[in-house]
Amino acid sequence: MLNMAEIDTTETTPPLTQKRAKAPLPDSPILLGWLRQMMLIREFEVRTMQAYQNRQIGGFCHIYIGQEAVAVGSIAAVNPDDPVVLAYRDHGHALARGMDPKYCMAEMFGKIGGCAKGKGGSMHMFDAEHYLYGGHGIVGAQTPLGTGLAFATKYEDEVIGEGKSDKVTLCYLGDGAINQGAFYEAMNLAGLFDIPVIFVLENNRYSMGTAIERGTTMAHALHAKSEAHGIEHAIVDGKNVMNMYQDFKPIADWCREESRPFFVEAQTYRYKGHSMSDPRKYRTKMEEEMEEQDDCIASLSTFLQEHHDVEPDAIKQLGRQVKSQVRQAVEWSNQSPETPLDELYTDVYTDVWGPFKGTSKPEMLQDENE
Amino acid sequence: MTVATKERVIEFRDALREAMSEEMRVDKRVFLLGEEVAQYNGAYKVSKGMLDEFGPRRFIDTPISESGFSGMAIGAAMRGLRPIVEFMSWSFSLVAADPILNNAPKMLYMSGGQFGCPIVFRGNDGAGGQLASTHSWCVESLYANVPGLKMAIPYDAYDAKGLLKTAIRDDNPVFFLESERLLSTKGHVPEEEYTIEFGKALIRREGTDCTIISFGRPLHFCLEAAEELAKEGISCEVVDGRTIRPLDIETMITSVKKTNACVVVDQSWPFASVGSEIASQIHRYCFDDLDNHVHRVHSDDVPTPYAYNLEQAYLPNSHKICEAVRSATYNI
Amino acid sequence: MPIDITMPRLSDTMEMGTVLHWHVKEGDEVSSGDVLADIETDKATMELQSFDDGVVQNILIAAGEQVSVGTAIARLLEEDEDLTGSPSVDAAPQTETPKPVEQAKAEPTAEVPTPPPSSGGARVSPVARRLAEDHGLDLSTIQGTGPSGRIIKRDILQIIDATQETEAAVVSTPQSTHVVADVTPIQQPLAPTSPWQQDRTEPLSNMRQIIAKRLVESKQSIPHYQVSMTFDMDPLMEMRKALNEQLSATGIKLSVNDFLVRCCALAMSEHPAFNASFGGDCILYHGPVNIGMAVALPEERGGGLVVASIRNADQKSLRTISQESSYLAKKARETGLTMDEMADATFTISNLGMFGVEHFTAIINPPNSAILAVGAAIEKPVVRDGELVVGHEMSATLSLDHRVIDGAMAAQYLKTLKGFIENPASLLV
């Protein structure tokens, strides 16, 4: 039997991680935009919880509070037409990607005004206009899909367009999905076929109530999983949007240029439970309080005040803006009509046959088209 | 449809290849992926030579990773590409159940009409011959339960080509179920371009006493049985459903209203099957036209056995169909 | 050895029998005397009892099926015999040692192996039901040839074909002889003919077949003649009224017919030839005086008529006769009579008085030698003691078998009968 300690892996397998120069920080208006996005997401999630408790939202509902920097920092690092595909904790990314909060909220309300006409709910945020290919409810299911989206962009550019691949796909997953077979198959295919997809692992340390150490081998060296598939990897600070962006931007650029996959572990923490029904008995209050001291919104607003002379009032003003925007989204969702029963048989097939009524676009896209 | 010109007899597998090649020539969004499809020329030689024409970017050998490459193809279809996923056997599609059942057929609905999934999954369905239970799946009953997908089962070379071309052009996920045992069968396939509309059953033999409804390979046994029964004076009408979703129940109803008797032959297991669904619909729509309850011939309700004699006893065959027709027409 | 249970001969005229309902199913243990099934004969529903102890191995005839007398309808295994040993007779023919591959059944898994016992009523396939409706056929008169006697399309089509052949034959005769040089189109009727305006054919019910057969036999083989007499009914009506007032608390209501049963019975004891049958080379004089009473059956039971038998009527009081006759009439109309309740009548009364019929003649119910056809007691002007008054009169006509009874004998009998009817007090003693 081999003694693992005697094997020098560095000689036979070169490390698939390189020091990349951080991207420069953008100017303060952009930073203020990030702050506003993160505040919007947080306010949105607070009102989501409220609406859930008011029974305006049903089913499963997963709150993104605490992880805002991951979505905002990574999405800021790619182009608006780069595909994005998500797991089920997807409200934050949808808003970061540019979905109007009213469509997102109305979707959870199960109303016709929702982004998917109330047919998907909390876990299934889709927005074709913003190249958002959905939240996906089955853990890990989105990873082959993300690989396929990236395969497609490359195929479009290289085979159909006969040019150079020019897109990168963001495929988000939680640390629970890292144990799913589909993810390993997706990584294998991405590595095998040089597919420009970034697997953004949002490591919030718990898959539902299971601490990562309890469910995953090599929990403190997750990049080993990607190395097995020949995929470059990096660990980034998912609790700070500036770090997130600065580290992520060079990765995204590299993937786009090289047309290769990447595995990014964004270390973060979710403040709330796995879902609305989670009592969080599996972790201590003290741990939560310590994690919350290092908050993405607080750190960016401090940075803006200290380095860009942003007035506290300006930040309060932002807070009032997002509060009002979310209140309007809730009101709009309340007023949006229930999804008509006609919709039951719509969107099953694109064509009309039997009881099926073909397909129609949600109001969200009709608005965009006008 | 088509105007038949001079006879051009080719194998079922050649018809499949022609369908794919023709569609790939006219639409660059169409590509094929699967195990051993390219360099190996296909485990069943369906895709023989296609790598040479279309190259490795459009004709992709995948690792044995059905869940992964099915999901990947679905992601590509969400972007508007039109992948053809070849399962060496539909038996292997079970490990890809989540993408092919949970993603492909539901994407349009879950996204509120934003993202469709124009994809074809195709491969061998049903018992190949002593492959035992895990490799002899007839997935039609299992998968036909899922709304959002279409399902076609060709019987001969002509239909194989016409239906597959329609499948590739369809904007919805199509499950295309071929039979290993039919791949070498030959039939007339015209030179001219043609497609076969989904949801249009074909009367393969006209008759007056009993309607036999089936799909794909068992139709061979149905026609055999009809020939045998004709000698006894029982005239059978054999209906090839061609597609299970959409199901052309109208043609079946019309036939049963004429014959007043019906036998459904479905090679999958009997419980909660395509056969039971058709029987249920026939009972519903032809209630006052039936002289007997709808009879069904299926594979037996057991895992597919390996032993030759057991497998033969397990599968539908013309003898069982004859017995069912005699019983349905009170000729026992 | 298994014991075959055959369709029993349950009446002298019975040739076919129908199993109406099985009281046992395959595998049931039965003892001698247990009721196995209800059998419908030509005129009655009877119980079939087991004569042996054992286990029901096979039911060979499903409920609803009709078979000839003597046909095996079930098979009993005596104790200690192996239930699984013998092949089922109604199963598809099989070789002794079936090969697995050839054993394939029509429906290997989807079928329930043994159909549940019939809940009664004819089984009809849906299309047979529809075709029967379209052609105005009465399903209750059709014998099904499908499993468990199910009426199937073929059964209906055969009837329709037979009807069409008959019609075609009728139509073809004038066509073949009628030569028209200049054919003009036949004027079509203005309104389409509705189904009930068209001729239709209804197959004969069991009972109708029997009635037809027996009465044709009777009318063709018995030298019938009729003798009528009119009776003054006033005394009888008065007594009936008085007695019914007395009996009102008991629920018994004497009918005119009850009186006639007793009158006829008493007259028969005085005239033995009226209680006799023609025996070919002898005359058979019966001991008991059993009066048969014709009872018409309602449409919903298929119509027709049965003869209920009031046994030893000459020895029964009016009250007993009334109780028996109303019981039998009700039972005949509602559930049907047993063979016993219909057997052995030696003389028959057919009374249409309740329908207002004044006078009619009846056909002798073999092997009787006479039948009395009774009309209504009608209020009419009558001469009494030389005066014209309003009174009740009833006319009755005897049909007689001249081989047994001559005209003078008939006159004597009627005279005796008249004595009883017009002096009803004599009935009470």
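The values are calculated or read from the model by the stated rules, or taken from the named source; none is laboratory data. For clarity, every value in this text was computed on a predicted model and none was experimentally measured. In this analysis, Cβ positions are derived from the backbone assuming ideal geometry, glycine residues included, and neighbour counts consider all displayed protein chains.
Structure values in brief
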| read-out | value |
| --- | --- |
| Residue within region A:198-208 that is within 11 Å of another protein chain (Cβ to nearest Cβ) and either more than 17 Å from A:E258 (Cβ to Cβ) or free of Cβ contacts under 8 Å to residues at least 40 places away in the same chain (or both) present | no |
| Near pairs, Cβ below 9 angstrom, 6+ apart or cross-chain, from region B:224-246 (assigned by TED's automatic domain parsing to the domain that holds B:M151) to any residue that is in a loop (DSSP other than H, G, I, E, B) | none |
| Checklist (1) surrounded by fewer than 24 Cβ atoms within 10 Å (Cβ to Cβ); (2) among the aliphatic types (A, V, I, L, M); (3) part of a strand (DSSP E or B) applied to A:L170, failing item | (1) |
| Residue satisfying all of: in region B:156-173; within 14 Å of chain A (Cβ to nearest Cβ) and in contact with a Pro (Cβ under 8 Å, 6 or more places away or on another chain); nearest to B:H188 (Cα to Cα) among these | B:D170 |
| C:K316 among the basic types (K, R), surrounded by 19 or more Cβ atoms within 10 Å (Cβ to Cβ) and farther than 23 Å from C:S218 by Cβ | yes |
| Filter pass, B:S255 being in contact with an Asp or Glu (Cβ under 6 Å, 6 or more places away or on another chain), of a type outside the set (A, V, I, L, M) and outside any loop (DSSP other than H, G, I, E, B) | yes |
| Residue satisfying all of: in region C:217-254; within 30 Å of C:D401 (Cα to Cα) and part of a helix (DSSP H, G or I); farthest from the chain's Cα centre (by Cα) among these | C:L236 |
| Qualifying residue in region A:307-330 (condition: away from chain B (no Cβ under 14 Å), touching a Leu at 6+ places or on another chain (Cβ under 6 Å) and either in contact (Cβ under 8 Å) with a residue 12 or more places away in the chain or not small (G, A, S) (or both)) | yes |
| All positions within region C:374-429 that are in a strand (DSSP E or B), among the hydrophobic types (A, V, I, L, M, F, W, C) and without any contact (Cβ under 8 Å) to a residue 40 or more places away in the chain | C:A376, C:I378, C:V383, C:L388, C:V389, C:V390 |
| Residue satisfying all of: in region B:291-315; closer than 18 Å to C:S125 by Cβ and crowded, with 24+ Cβ neighbours inside 10 Å; farthest from the other protein chains (Cβ to nearest Cβ) among these | B:V294 |
| Pairs, first assigned to a loop (DSSP other than H, G, I, E, B) in region B:137-164, second among the aliphatic types (A, V, I, L, M), C-beta under 6 Å, six or more apart | B:V146/B:L101; B:P147/A:V348; B:G148/A:V348; B:I153/B:L177; B:P154/B:A160; B:P154/B:L163; B:Y155/B:L219 |
| Boolean, A:T302 is surrounded by 11 or more Cβ atoms within 10 Å (Cβ to Cβ) and in contact with a Ser or Thr (Cβ under 8 Å, 6 or more places away or on another chain) | no |
| Failed criterion for B:T134 (all others in (1) modelled with pLDDT of 95 or more; (2) within 29 Å of B:E311 (Cα to Cα); (3) surrounded by fewer than 20 Cβ atoms within 10 Å (Cβ to Cβ) hold) | (1) |
| Number of positions in region B:109-127 that are at negative phi, outside any strand (DSSP E or B) and either facing chain A (nearest Cβ under 9 Å) or of a type in the set (V, I, T) (or both) | 8 |
| Failed criterion for B:H220 (all others in (1) more than 12 Å from chain C (Cβ to nearest Cβ); (2) part of a loop (DSSP other than H, G, I, E, B); (3) within 16 Å of the chain's Cα centre (by Cα) hold) | (2) |
| Long-range neighbours under 7 Å by Cβ, at least six apart or interchain, first residue touching a residue at least 40 places away in the same chain (Cβ under 8 Å) and more than 7 Å from chain B (Cβ to nearest Cβ) within region A:140-152, second assigned to a helix (DSSP H, G or I) and of a type in the set (A, V, I, L, M, F, W, C) | A:G140/A:A177; A:G140/A:A182; A:G140/A:F183; A:T143/A:A177; A:T143/A:A182; A:T143/A:F183; A:T143/A:A186 |
| Filter pass, B:I64 being more than 21 Å from the chain's Cα centre (by Cα), under 16 Å from B:G123 (Cα atoms) and either surrounded by 15 or more Cβ atoms within 10 Å (Cβ to Cβ) or not assigned by TED's automatic domain parsing to the domain that holds B:W90 (or both) | no |
| The listed residue being modelled with pLDDT of 95 or more, more than 21 Å from B:F69 (Cβ to Cβ), at the interface with chain B (Cβ under 9 Å from one of its Cβ atoms) and within 18 Å of the chain's Cα centre (by Cα), out of A:D127, A:D100, A:D90 | A:D127 |
| Leading residue by the ranking (nearest to the other protein chains (Cβ to nearest Cβ)) among those in region A:130-139 that are small (G, A, S) and closer than 24 Å to A:N79 by Cβ | A:G134 |
| Residues being over 13 Å from the mean Cα position of the chain (by Cα) and over 17 Å from B:P118 (Cβ atoms) - total across region B:148-171 | 1 |
| Residue match in region B:50-57 (condition: touching a helix residue (DSSP H, G or I) at 6+ places or on another chain (Cβ under 6 Å) and among the basic types (K, R)) | yes |
| Whichever residue in region B:272-290 is part of a loop (DSSP other than H, G, I, E, B) and under 20 Å from the mean Cα position of the chain (by Cα) and, among such residues, is farthest from the other protein chains (Cβ to nearest Cβ) | B:A272 |
| Qualifying residues in region B:37-61 (those that are of a type in the set (G, A, S) and within 22 Å of the chain's Cα centre (by Cα)) - the one nearest to the other protein chains (Cβ to nearest Cβ) | B:S47 |
| Candidate set: region B:318-332, residues that are closer than 17 Å to C:K153 by Cβ, surrounded by fewer than 24 Cβ atoms within 10 Å (Cβ to Cβ) and touching a residue at least 40 places away in the same chain (Cβ under 8 Å); chosen: the one nearest to the other protein chains (Cβ to nearest Cβ) | B:R326 |
| For C:A377: the one exception among (1) farther than 22 Å from C:D258 by Cα; (2) at pLDDT below 90 | (1) |
| Selected residue [of a type in the set (S, T, Y) and within 14 Å of another protein chain (Cβ to nearest Cβ)] from B:S141, B:S136 | B:S141 |
| Residue match in region B:230-252 (condition: away from chain C (no Cβ under 11 Å), assigned to a helix (DSSP H, G or I) and over 30 Å from B:K165 (Cα atoms)) | yes |
| Hey, A:E265 part of a helix (DSSP H, G or I) and either closer than 27 Å to A:P26 by Cβ or of a type in the set (D, E, K, R) (or both) or not | no |
